[in-house]
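Report on one structure; see the data block that follows.
The values are calculated or read from the model by the stated rules, or taken from the named source; none is laboratory data. Quick caveat: nothing in here was measured; it's all calculated off a predicted structure. All Cβ positions, glycine included, derive from the backbone under ideal geometry; neighbour counts span all protein chains shown.
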Amino acid sequence: MSAAATTIAHEAPPQSGPRAFIRRLTRGDELAHLITLVFAAGILLLTSMIVYELWINSHLSRTKFGWDFFWTRIWDPNFDNFGAAPFIYGTLVTSAVALIIAVPLGLASAIFLSELAPRKISDGISFLIDLLAAVPSVIYGLLGIFIVVPLMRTTLGPMLIHSVGNVPYIGALFRGPNYGVGFLTAGIVLAIMVVPYIISVSREVLLTVPREQREAALAMGATRWESTWQVVVPWARTGIMGSIFLALARALGETMAVTMVIGNAARINPSLLGPGDTIASTIANQFTEATGDLYLSALIELGLVLFLITFILNGLARILIVLTERGGGHPS
Amino acid sequence: MSSPRLMWRKSLNHVMLSLTGVAAFGVVSILFLILGYLIWNGGASLSWSFFTQLPKPVGEVGGGMANAIVGSLKLLLLAAVMGLPVGLLAGVYLAEFGGNTFSFIIRYTADLLNGVPSIVIGIFAYSIAVLPVKHFSTLAGGVALGIMVIPITVRSTEEFLRAVPGSLREAAMALGASKWKTIATVVLPAASGGILTGMLLALARVAGETAPLLFTAFSNRFWSQGWGQPIASLPVMIYTYAIAPYDDWHRQAWAAGLVLLGLVLLSNLGARYILARTKVV
Amino acid sequence: MRKNILIVSLVLAFAAIVGAEGTIDLNAAGATFPYPIYSKWFDVYHQQHSNIQINYQSIGSGGGIRQLLAGTVDFGASDGPMSDEQLAQAKFKILHFPTVLGAVVPTYNIAGVTGELNFTQKALAGIYLGAITKWNDPEITKANPGVKLPADDIVVVHRSDGSGTSYIWTDFLAKISPEWLSKVGKAATSVNWPVGLGGKGNEGVSGLVKQTPDSIGYIELIYAVQNNIPYGKVQNAAGKFVKADLAGVTAAAAASAKTMPEDFRVSITNAPGATAYPISSFTWLLIPAQIQDATKRDAIKNFLKWMLTDGQNYNEGLTYARLPKEVIAKESKAISLIQ
């Protein structure tokens, strides 16, 4: 017995001490652990450096305005009075609209491409959808101006005002005047921009769900849809949520496309058809021309505020995931 | 046997599945609309001179974006070299060695990084790569884009590594492979399709970014030598030309958009081809 | 695998080495307004002096000033002169050199109105302050007898991005309207607009105006001419309604030439003179007074000399107005200040 054991296993190595460490190192596992750890920590370092830079460079503005920066509704470069409220509102509203449109659309498309479409067609279409991610945001902006804005102004806007606009409570979201540019238009353009991320990643994740899962459900008498919705999708839940995080992040930080179709009014407007502005769009528009120190500092503080918003939204989303964890799906 | 409940389930099945088809059809139509628009507006300006000549001032016929095309390629190369390994290895850590609070923090941070507006990344890269040396450079542009590539790569690498069935790992270990060897020779290849998708998605995204390049790579009307000089790039040219008063420049902007898509398409195809050739599993 | 590594390293090395010897490379950044003429000038100059490459990028007047102050570019360009605070911030002396003249014009889109509208100074200020809200307001109709203006709300369009064009427009409004000056402030590339929608760039503004009925916006003259966009007449300081053209712009500059300060930082909006177009402006190159590198210094000085003589011949072709003779003379003398 012991003879057979020694031909396969090494003699028992020392369990602790420097020689043990070197031995584990040369065996590769420890090294791999160390190297990958360093790179993972590198991300933390990088992000911390960015936050640090944002913090330092917004010093002037932070000390002058303090917490008021969050709810002051005025943005006046001439009189050096800056407040982020309209932009926080715009960022949240446009991202919400974008996700409300993109998530159902993207998830449904991903389900179609992974479950129903023949593999070759699915691969081909998915390949083309990946290309959408490469279209520069400037071009999305131009397309927004040439196609979505007129559509909103002449057709979609009036339609919404006359139908949903009369419903109590929700109707307040769809009041005139309607210029074509505004929160809804920006949300639509953003939705088109982030849908490729959702489709691409979700499709790939759905494809990795083992056949046995689907077959088990079908064997128990489930319809195709029931098998998909109640077994396959939950299994891929973390990957799908991941793709939604990607989409959310892109929506929050998008500059060029949004700035061309949102109307750029530094105001809080309850109607989705009204003009507004987002944090990223404001920074992009005004950074190159800003020369006053306080002005620059206020713009950088806007960047810091966006970071905070992303932080909070990500946290809320993660809490949501934990709360809805019903089991099923592989552990994360 | 058909009871009302079964009929309901069957019709729900049909309705929902058709809806997914409608959604996919809708998205694909939008895609073709965008591509069609680009081809329609930009196709006319594509010519041999577009690919080989330097930009000409307004009013002069011809002129192209040869330097911007090369510039975008160089910048993407730098971004890939700097950002993809970081994303890949960090993703490996999260999937294979992680599982504690530290991993949670890294994951969270990667998502945060993804949400930073590209112009803020550009400002950051400006302060660390341009100000200290007091000049714009290709390298600084590569740094900015490299930072942006990391979050998507990390996310997808981790996701697809996790999707590899445990049975595969266990089989390798049962044969005596150490952990890192398992990862390198079994798990990574198994997940390579998805990981590559993530990487290509990340590169596609940064290929079209303008804001981070304005303060780092700047731009250049002439050829850029080496890696330490300002360099032209397709997105910045599109941005400059699109907001100019001249129709000729507008058409060139559309053409540049088309070429950019073409570049991404080619690198996508190329990468997938190489992967298929070297696939072991 | 090894072959691939070899190929990749060769490509990288090649990319690093390729380059011409002996070129003088200058980097400059700044205003978007004169970008077309600057790109023309630098290109022509390069053809005449093939060893000098001037790379100018239009990242915005503010960007140009900041990059100049940070030392990352050799010289800058701005549509508005640097303020005293900005000049004080610089660690070195900066000289202003006017290069061309431009103008900003009001463009509009009103159903049924095809001719040119006359805008009094009060009308423009009132519209942009939000005080005048309808097209058939007496202030507008009294200047346009015979034109049927609807009783519709005016949709105001301004620039969303900071820009020299906004600087010129707000400079004009601040001069002619004390209410504007107190409420919105002095000339600036970005202000807190009392009313209206924002469009990005001239393209954005003109696009919005074209698409939105009953709207008004302001764009550069060149842009309007190049794209055949109709624009209105503006009342000047002498009370006459002037349609912007190169002659009117040069007239505005000529009126100020005699009283121009030594450092050329002057605003020529609302200039005196019957033919002067009131919303005109210089645009400036910002050159450091001391340039260490002798080759760069000579290249810049020679370029400036060329710009003031041969260069001006290209202006009109691109719809920029020439500098008045008196200004050119003063600038030629100022070139010697660059050491």
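Considered as a group, the residues in the stretch C:257-277 that are in a loop (DSSP other than H, G, I, E, B) and over 24 Å from C:Ser177 (Cα atoms) include one that is nearest to the chain's Cα centre (by Cα), and that residue is C:Phe264.
Looking at this structure, is A:Leu304 in a helix (DSSP H, G or I), touching a helix residue (DSSP H, G or I) at 6+ places or on another chain (Cβ under 9 Å) and within 14 Å of chain C (Cβ to nearest Cβ)? Judged against the criteria, A:Leu304 is not a match.
Please work out if A:Ala317 is part of a helix (DSSP H, G or I), among the small types (Gly, Ala, Ser) and under 25 Å from A:Gly182 (Cβ atoms). In short, no. Inside the stretch C:43-73, residues that are touching a strand residue (DSSP E or B) at 6+ places or on another chain (Cβ under 6 Å), surrounded by fewer than 24 Cβ atoms within 10 Å (Cβ to Cβ) and touching a residue at least 40 places away in the same chain (Cβ under 8 Å) make up a count of 1. Each residue in the stretch A:106-141 was checked for being of a type in the set (Phe, Trp, Tyr) and within 27 Å of A:Gln213 (Cα to Cα), and 2 of them qualify. Scanning the stretch B:126-164 for residues that are aromatic (Phe, Trp, Tyr) and without any contact (Cβ under 8 Å) to a residue 40 or more places away in the chain gives a single hit, B:Phe160. Being assigned to a helix (DSSP H, G or I), within 14 Å of chain C (Cβ to nearest Cβ) and buried (at least 24 other Cβ atoms within 10 Å of the Cβ) is a property that holds for A:Ala280. Here B:Ile274 clears all of (1) buried (at least 22 other Cβ atoms within 10 Å of the Cβ); (2) in a helix (DSSP H, G or I) except the condition numbered (1).
Scanning the stretch B:174-192 for residues that are among the β-branched types (Val, Ile, Thr), more than 14 Å from B:Tyr93 (Cβ to Cβ) and at the interface with another protein chain (Cβ under 10 Å from one of its Cβ atoms) yields one hit, B:Thr182.
Exactly one residue among B:Val86, B:Val58, B:Val81 is outside any helix (DSSP H, G or I), surrounded by fewer than 24 Cβ atoms within 10 Å (Cβ to Cβ) and of a type in the set (Val, Ile, Thr), and that residue is B:Val58. The numbered conditions (1) surrounded by fewer than 19 Cβ atoms within 10 Å (Cβ to Cβ); (2) within 14 Å of chain A (Cβ to nearest Cβ) are all true for C:Ala187 except (1). Residues in the stretch A:271-299 that are in contact with a Leu (Cβ under 6 Å, 6 or more places away or on another chain), among the aliphatic types (A, V, I, L, M) and over 23 Å from C:Gly196 (Cβ atoms): A:Leu294 alone.
How about the stretch C:132-184: which of its residues are within 10 Å of chain A (Cβ to nearest Cβ) and in a loop (DSSP other than H, G, I, E, B)? Hits for the stretch C:132-184 are C:Ser160, C:Asp161, C:Gly162, C:Ser163, C:Val184.
If the condition is being over 17 Å from A:Ser137 (Cα atoms) and at pLDDT 85 or above, then the stretch B:225-253 contributes B:Trp227, B:Gly228, B:Gln229, B:Pro230, B:Ile231, B:Ala232.
Once the stretch C:1-42 is narrowed to residues that are surrounded by fewer than 11 Cβ atoms within 10 Å (Cβ to Cβ) and in a loop (DSSP other than H, G, I, E, B), the residue that is modelled with the highest pLDDT is C:Gly22. Identify the residue in the stretch A:240-264 that is facing another protein chain (nearest Cβ under 7 Å) and in contact with a Phe, Trp or Tyr (Cβ under 8 Å, 6 or more places away or on another chain) and, among all such residues, is farthest from A:Leu320 (Cα to Cα). Among them, the one singled out is A:Gly263.
Against the test of being closer than 30 Å to A:Leu128 by Cβ, in a loop (DSSP other than H, G, I, E, B) and touching a residue at least 12 places away in the same chain (Cβ under 8 Å), the options B:Ile231, B:Ile195, B:Ile238 yield a single qualifying residue, B:Ile231. For residues that are in contact with a Phe, Trp or Tyr (Cβ under 9 Å, 6 or more places away or on another chain) and touching a residue at least 24 places away in the same chain (Cβ under 8 Å), scanning just the stretch A:103-119, find the one that is nearest to A:Tyr295 (Cα to Cα). Checked the stretch A:103-119; the qualifying residue nearest to A:Tyr295 (Cα to Cα) is A:Gly106.
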